[in-house]
Amino acid sequence: MGKSKIWSFLLLMFVALTVVLAACSSDDSSDGDTEKDNDKGTTDTAEEKVLIFGRGGDSVSLDPAAVTDGESFKVTQNVLETLLNFGEQDTTINEGLATKWEPSEDGLTYTFTLREGVKFHDGTDFNAEAVVKNFERWAGGSEDLFPYYGSMFGGYDGDEGHVIESVTAEGDYTVIFKLTRAQAPFLKNIAMSPFAIASPTAFEAAGDKFGDSPVGTGPFKFVEWKRNDSITIEKNAEYWNSEEPKLDKVVFRSIPDNSARLNSLLNGEIDLADGVNPSDGSTVESEAALQLFERPSMNVGYLGLTSTRPPFDNQKVRQAVNYAIDKQAIVDAFFEGRAEVAKNPMPSSISGYNDDIPGYEYDPEKAKQLLAEAGFADGFEMELWAMPVPRPYMPDGTKVAEAIQKNLADVGITANIVSYEWATYLEKAKNGEADAFLLGWTGDNGDADNFIYVLLDEDNIGSNNYSYYSNPETHKILIEAQTEVDEEKRNELYKQAQEIIFEDAPWVPLAHSTPLLAGDAEIINFKPHPTGSDRLNKVDFK
Amino acid sequence: MLHYIGKRLLQLIPVLLGMTFVVFMIIRAIPGNPAQVILGQLASKEAIEALEIKLGLNEPWYTQYFDYLVGLLKGDLGESMRTVQPVAEEIWPYLAATIELAFFAIIIAVIIGVNAGIISAWFQNSWFDYLAMVLALIGVSMPIFWLGLMEQWIFGVELQWLPTTGREEVRDPVNSITSMYIVDTIIQGRFDQLGTVLKHLVLPGIALATIPMAIIARMTRSSMLEVMRADYVRTARAKGQKMFWVVYKHALKNAIIPVLTVIGLQTGLLLGGAILTETIFGWPGIGRYIYEAISFRDYPVIQSGILVVAFIFVMINLFVDILYGLVDPRIKYD
């Protein structure tokens, strides 16, 4: 090519590009009207009701048994169903794929009667055999394949702690579970999203690819997954409840940034937005075209005090810190008041909550006095760890840490705020390297055990007991409560445990937040679930 | 020329090898155990150890590194620890999304940047010159996060002209063949969808183009100013040629070399540096793919993701070097 030719070629390219660009800008104006029509999820309800659900992250896998992240369950909850369901907005036990369930008196045998005439999306019959095969699959797995199975049922086939001795089919529609020991939260565990029943034909054929295209009995069928972008599910026309679902399609879109997601909602590109910043709550309320949803609280945000590190090995110091922090001010400032001030390690919605506990009120004088008694009249210097990521139970770790820093300074404690990248933060906190750290927990199954035992029992040091708190007395109570089948006695045990924990003060419990969602004003029957996985079968547009 | 390209490609081997080593060591130096992250907060010690063995994390680092290289030679980029899918299969849709966005952004940056630079140089010290250079200064210093949200708010929420997030209208999704939606919609003859896809590119494209656009404008301006003082430009003008022709034909040709270098560098940077833009605009690209892999300590994805981006980066630079020779035949490769 001669140089003049190259030059004219470049010039031609330039002209061509300009034309293309001009074309797309003219596109903007001419297509404006059709775009508007598309924008409104409700204008096309006559043909197809599509709900676009915007959320912060993508799912990891759509095999619910294989994952632990909430974003995966949000989708699978609508594609696969569990034997039992949680209540509409609580964690009571309701019928699901099983219509009846009967525990034996000793709590060692459970008989489930299954719903008849249900089919999986691939045409396979749902029956007792399918349930057995699902449990065999999980029990024959390991922690890296089916993590929740092991942690909720004490291990896998052959493990000493494994609770489920056998699952057998009796006829087509009766399943019998035999347990090695009584497990109080057994029914709640069965209702958890990871134990949804999948089509045996599908998972046998797909092997470890099952998570790419799940097959269940749910109100919606899986259609397509564009990674990190969107997951589409569509109405299951053969759903056993012919009234449901109301929607034709649901698209879950990942939009990581909270403000961008809200912009998308305001622009009509999505109909429902998860993870609305508390500070944006009032913006949503002032928009006539939108409505605000509050997810019932099932979490706790706290400041953990590592009780093996001096001076936090001293109970008085821990209590002093509890008195020093103005929790109400923190809730007002950073949760926009949309949270309950915490006094126990679990939210009040969970049975066994001890409301008689007074909580530590904000009392700097008392804090100073306790510090003096503990021999720290002049205070001390410490590291205060701030979470680097927002979580429903902690919208802004750094700002909360700053408020706490100020509170502590008022009683003479110098707190230096440090932060690490999230995985590092968890790893180091788990190793007990923090003096005091901000963290939180969202419950899995709405059981007290899932809060107090998991977060504060000595068995979980090196796991979720980041504050290294151990007390033989609470340990005894918590273990006893795990096998106590009598609900009232069990609640009593948890109340006792909370009293001891209150005295020992391994944490400063801060808040139980109500996560916010925003949606198009036309959406009806959307009831956010405290577990974070919402069933969308009743949701509709006006 | 072929000889030169061959030599350059050979030089790539130690460069990429060194890079795999550095990335490999750095990600293992950061605390956080992938097995722990995968198994979640409830995992037992035994399970974590078992998974470490399964993933080969218990081996000494040099064995792990050697295995990784052997895999690479066979074209195996490893398997994502999190999704248990081969990276080579998984990576393309992300890469395609970023390439599409980066390509769009660099076109905007080049067209506006080069022309703004030329006009600024042409009318040096005019109001246009000052305005363009002030804008360029703002451009390089503007935080993308803020710019992105402002764009969304003005053009999406207030004016309702453009979509704010994503790659497509999800109510009418693109049937993906190549994962490059512009190509896909053209292949399928869906020109209505092509329009929507282009519209989705505008806001993130502008956000991503801002910094390179500003850099290119400044580079073009200074390079042009130098050339326009040269004798041949004076001669051309003295011969009575139109100013437009002098500037765009004679001067630009000689001024373009350093500008090409900058364009090449910026294109490479766009590929790797799109994380913020991709986050704000919910764009499912490679930046976010690698970023999320880092949070999950997904070693194979981080290693191979960065390797692929680095490879494209060096290839672009090679391409730019070849382009020098085409634009200016005085540059010889031997």
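The values are calculated or read from the model by the stated rules, or taken from the named source; none is laboratory data. All values reported here derive from a predicted model rather than from experimental measurement. Cβ: placed from backbone, ideal geometry, glycine included. Neighbour counts: every protein chain shown.
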Take the residues in the range A:427-436 that are closer than 29 Å to A:Asn189 by Cβ and touching a residue at least 12 places away in the same chain (Cβ under 8 Å), then tell me which one is nearest to the other protein chains (Cβ to nearest Cβ). A:Lys430
Residue in the range B:14-22 that is out of contact with any helix residue (DSSP H, G or I) (no Cβ under 8 Å at 6 or more places or on another chain), β-branched (Val, Ile, Thr), surrounded by fewer than 18 Cβ atoms within 10 Å (Cβ to Cβ) and more than 14 Å from chain A (Cβ to nearest Cβ) present: yes
For the range A:223-258, enumerate the residues that are within 12 Å of chain B (Cβ to nearest Cβ) and small (Gly, Ala, Ser). A:Ser230, A:Ser254
Is there any pair with a first residue in the range B:204-226 that is touching a residue at least 12 places away in the same chain (Cβ under 8 Å) and among the hydroxyl-bearing types (Ser, Thr, Tyr) and a second that is surrounded by fewer than 24 Cβ atoms within 10 Å (Cβ to Cβ) and not in a helix (DSSP H, G or I) whose Cβ atoms are under 8 Å apart and which are 6 or more apart or on different chains, and what are they? B:Thr210/B:Met142
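Within the range A:61-70, track down each residue that is of a type outside the set (Ser, Thr, Tyr), closer than 15 Å to B:Val84 by Cα and in a loop (DSSP other than H, G, I, E, B).
Looking only at the range A:61-70, we keep the residues that are of a type outside the set (Ser, Thr, Tyr), and these are A:62-67, A:69-70.
Keeping just the survivors that are closer than 15 Å to B:Val84 by Cα gives A:62-67.
Passing the criteria: A:Leu62, A:Asp63, A:Val67.
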Among the residues of the range B:116-175, write down those that are in contact with an Asp or Glu (Cβ under 8 Å, 6 or more places away or on another chain), exposed (fewer than 15 other Cβ atoms within 10 Å of the Cβ) and more than 12 Å from chain A (Cβ to nearest Cβ). B:Phe123
When B:Arg190 is evaluated against the numbered criteria (1) charged (D, E, K, R); (2) at the interface with chain A (Cβ under 10 Å from one of its Cβ atoms); (3) surrounded by fewer than 20 Cβ atoms within 10 Å (Cβ to Cβ), which criterion, by number, is the only one it fails? (2)
Any hit, the range B:209-228, residues being within 30 Å of B:Pro143 (Cα to Cα), within 14 Å of chain A (Cβ to nearest Cβ) and part of a loop (DSSP other than H, G, I, E, B): no
Qualifying residue in the range A:81-95 (condition: within 14 Å of chain B (Cβ to nearest Cβ) and not small (Gly, Ala, Ser)): no
All helices (runs of 4 or more DSSP H) inside the range B:34-110 with 2 or more residues being within 11 Å of chain A (Cβ to nearest Cβ) and surrounded by 15 or more Cβ atoms within 10 Å (Cβ to Cβ): B:34-39, B:45-55
Quick one: count up the residues across the range A:121-147 that are in contact with a helix residue (DSSP H, G or I) (Cβ under 9 Å, 6 or more places away or on another chain), farther than 21 Å from A:Asn94 by Cα and not acidic (Asp, Glu). 12
Picking from A:Phe53, A:Phe73, the residue that is part of a strand (DSSP E or B) and not hydroxyl-bearing (Ser, Thr, Tyr) would be A:Phe53
Under the condition of being over 13 Å from A:Ala65 (Cα atoms) and hydroxyl-bearing (Ser, Thr, Tyr), which residue from the range A:145-198 is nearest to the chain's Cα centre (by Cα)? A:Tyr156
Can you report the number of residues in the range A:46-74 which are in contact with a strand residue (DSSP E or B) (Cβ under 9 Å, 6 or more places away or on another chain), hydrophobic (A, V, I, L, M, F, W, C) and either closer than 16 Å to A:Ala206 by Cβ or within 9 Å of another protein chain (Cβ to nearest Cβ) (or both)? 3
Quick one: A:Thr168 ticks every box in (1) surrounded by fewer than 19 Cβ atoms within 10 Å (Cβ to Cβ); (2) farther than 25 Å from A:Phe210 by Cα except a single one, so which number is it? (2)
Subset of the range B:146-177 [without any contact (Cβ under 8 Å) to a residue 40 or more places away in the chain and of a type in the set (A, V, I, L, M, F, W, C)]: B:Trp146, B:Met150, B:Trp153, B:Ile154, B:Val157, B:Leu159, B:Trp161, B:Val170, B:Val174, B:Ile177
The range B:71-96, subset small (Gly, Ala, Ser) and touching a residue at least 24 places away in the same chain (Cβ under 8 Å), residue nearest to B:Glu278 (Cα to Cα): B:Ala96
Considering only residues that are out of contact with any Phe, Trp or Tyr (no Cβ under 6 Å at 6 or more places or on another chain), polar (S, T, N, Q) and at pLDDT below 95, look in the range A:284-313 and name the one that is surrounded by the fewest Cβ atoms within 10 Å (Cβ to Cβ). A:Ser286
Would you check which residues across the range B:291-313 are more than 17 Å from the chain's Cα centre (by Cα) and over 16 Å from B:Gly75 (Cα atoms) and list them? B:Glu292, B:Ala293, B:Ile294, B:Ser295, B:Phe296, B:Arg297, B:Asp298, B:Tyr299
Being closer than 30 Å to B:Gly32 by Cβ, surrounded by 18 or more Cβ atoms within 10 Å (Cβ to Cβ), of a type outside the set (D, E, K, R) and more than 12 Å from every other protein chain (Cβ to nearest Cβ): is that true of B:Ser304 here? yes
